[in-house]
């Protein structure tokens, strides 16, 4: 703890691994203030008002979690310099100064305040320091989330099946020319009381269609497919549409507007690649829409003539 002028001013500081502008925003925005402004786990700040300008006022309601006690931490701003300095006077006349600065890619905050007379200086310092440390942790988490790590692998759909995982993977790789089985994994004795699968049963099958990786999980009967998720197959010619429509509906079910369900219940859309362009043409979009709403399997020529 650092004190100056015969302990009339208490000073503390921290360095935050976050950009200065973000740290300033999180320090001054009411929606963020209520998430870090507490001196212990059994206290919180349920609401905050902050008119951040010279002459503006602020009020933070600080309460015990059990609601048995609380107080308003409030004051008036004497000086506000964006991303640099905040000076204010509390309701009891005590003054507070907070400085923000950049240092080696981090944000340095120095906070000085005049202690009140009713509680020991060390107790006051510790309480304010806890709040400052809470802010540092909150700001660093926010900063990390604002810079998501680069993803190094393509996103791959995982399809939940009941028992027929291996059969389904073989079927899909037979339908699409540029496809292959990549790998398989199997259940062991471990976790039987949870998954209920026999040792040696298929756990997952990884396969690839036209460069897109998929995983089929043999997860049991808990979850089923729905039309909320479908796989789109864009086709350049009517022959392609006829082929994929015929193969994917084997044992399955035809739907409207190019939708279908295969024999495993998975939904597909067999769609002309030209359709998005037609729907963006203001002179044709309405007629094209009217035409394909009457279709099950798409007819490219009729769409062009609409």
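Whether a residue is at pLDDT below 90, farther than 30 Å from residue 17 by Cα and in the same structural domain as residue 219 (by TED's automatic domain parsing) was assessed, and residue 163 passes this test.
The residues in region 8-52 that are farther than 15 Å from residue 136 by Cα and either assigned to a helix (DSSP H, G or I) or not assigned by TED's automatic domain parsing to the domain that holds residue 71 (or both) can be counted, and the count is 2. Among the residues in region 181-203, are any under 30 Å from residue 276 (Cβ atoms) and out of contact with any strand residue (DSSP E or B) (no Cβ under 9 Å at 6 or more places or on another chain)? Checked region 181-203: no residue is under 30 Å from residue 276 (Cβ atoms) and out of contact with any strand residue (DSSP E or B) (no Cβ under 9 Å at 6 or more places or on another chain).
Helices (runs of 4 or more DSSP H) fully within region 254-306 that include at least 2 residues being over 30 Å from residue 223 (Cα atoms), free of Cβ contacts under 8 Å to residues at least 12 places away in the same chain and touching a helix residue (DSSP H, G or I) at 6+ places or on another chain (Cβ under 8 Å): 285-292. Of the strands (runs of 3 or more DSSP E) lying entirely inside region 75-135, the ones with 3 or more residues being without any contact (Cβ under 8 Å) to a residue 24 or more places away in the chain are found at 85-90, 95-103.
Does residue 85 satisfy being in contact with a strand residue (DSSP E or B) (Cβ under 7 Å, 6 or more places away or on another chain) and either outside the structural domain of residue 130 (by TED's automatic domain parsing) or within 25 Å of residue 107 (Cα to Cα) (or both)? Please lay out each step first, then the result.
On the way: in contact with a strand residue (DSSP E or B) (Cβ under 7 Å, 6 or more places away or on another chain): yes; either outside the structural domain of residue 130 (by TED's automatic domain parsing) or within 25 Å of residue 107 (Cα to Cα) (or both): yes.
So residue 85 fits the description; yes.
Restricting to region 82-115, and then to whatever is over 33 Å from the mean Cα position of the chain (by Cα) and under 18 Å from residue 53 (Cα atoms), can you tell me which residue is surrounded by the most Cβ atoms within 10 Å (Cβ to Cβ)? That would be 88.
Report, by residue number, each residue of region 159-192 that is more than 23 Å from residue 235 (Cα to Cα) and loosely packed, with under 12 Cβ neighbours inside 10 Å. If the condition is that a residue be more than 23 Å from residue 235 (Cα to Cα) and loosely packed, with under 12 Cβ neighbours inside 10 Å, then 183, 189, 190, 191 are the ones that fit.
The values are calculated or read from the model by the stated rules, or taken from the named source; none is laboratory data. The structure displayed is predicted, hence computed values, not measured ones. Cβ sites come from the backbone with ideal geometry, for glycine too, and all protein chains shown count toward neighbours.
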